[in-house]
């Protein structure tokens, strides 16, 4: 069976599911951010695959580049927040940072 | 089965395998380093899809930027001598159920939908086209992106600096 559109969609779906699992179960803030990166990569594969197989233009790749750019901004701000939490609580377990509910 | 197909399955296996290590490993250092395999594998998949520029951007930003940033954060928030570099996970079984149902639905959808396909797939250099689109049709989002990056830069500096007690 030749490699076609569905192969890439399967890979994107698997990456998305693994990232979602990471986000749902992890209690370490950095691991949650890694899961978000997996989700964004899975979505990006879909964008580029549809751009390659379903359209004749590169607009899907443009959106993929925007997603990569936003992922960079998200990683920078997210990890800065993680470092700030670490300075205050001396841990990055997201269940420890719960002073907002008091 | 020709060589291209074999290489494709190899790259796909590396991508999915290291993503699984990221999601399931108990040690956060292993998770962080496995992210390298995932990002590099995704770059290889972009190459298979004929997206040369996106593959380059993926290597530059994800492997060169975000991964290093994540490793720095891991090193800064765990003491090196700390043996228990834990990466605790809770609620595994409900999460497994939810994700399992979700991925079954996704697979079923992918298999049964008749996706719109081109008659013939073309491989052309994309960098010039992407540059043209960025400076013509997508000029406003492109400029907004630079503002977003500036805001993220300033925000990261403000958030992560140490508070100076008077």
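The numbers here are math on the coordinates, done by the rules we state, and not lab data. Quantities reported herein were computed from a predicted structural model and do not represent experimental measurements. Don't worry about glycine lacking a Cβ; one is built from the backbone with ideal geometry, like all the others, and counts go over all protein chains shown.
Things worth noting here:
- Helical runs (DSSP H, four residues minimum) scored at -39500 (n - 2.57) apiece and divided by the length of chain B put the mean residue ellipticity at 222 nm at -22500 deg cm²/dmol.
- Paired Rg and Dmax values of the range B:1-87, which use every Cα atom, in angstrom: 15.1, 50
- Per-residue Cβ neighbour rank within 10 angstrom, fewest leading, A:15, B:106, B:139: B:139, B:106, A:15
- Value of relative contact order over chain B, rounded to a whole percent, pairs C-alpha under 8 Å and six or more apart: 19
- Under the shape rule built on the C-alpha gyration tensor, where the axes satisfy a ≥ b ≥ c, chain B is oblate, since a/c reaches at least 1.5 while a/b does not exceed b/c.
- The protection proxy used here, the mean number of other Cβ atoms lying within 10 Å of each residue, ranks peptides B:46-57, B:5-16 as follows, highest first: B:46-57, B:5-16.
- Calculated over the protein assembly as shown, the projected area of the Cα convex hull averaged across directions stands at 17.4 nm².
- The order of B:118, A:69, going from fewest to most other C-beta atoms within 10 Å of their C-beta, is B:118, A:69.
- The simple Förster model, with R0 at 30 Å and r as the Cβ-Cβ distance, assigns residue B:147 and residue B:96 a FRET efficiency of 0.15.
- In Å, descending, principal axis extents of the Cα set of chain A: 54, 26, 19
- The overall shape of the range B:125-166, judged from the alpha-carbon gyration tensor, is prolate: a/c is not under 1.5, and a/b is greater than b/c.
- A straight line joining the Cα centroids of the range B:26-80 and the range A:51-90 runs 12 Å.
- Förster radius 22 Å - calculated FRET efficiency between residue B:1 and residue B:123 (Cβ-Cβ, nearest 0.05): 0.60
- 0 to 90° range, to nearest 10: angle between helix A:59-89 axis and chain A longest Cα axis: 10
- Ranked list, fewest to most other Cβ atoms within 10 Å of each Cβ, for A:24, A:100, B:153, B:35: A:100, B:153, A:24, B:35
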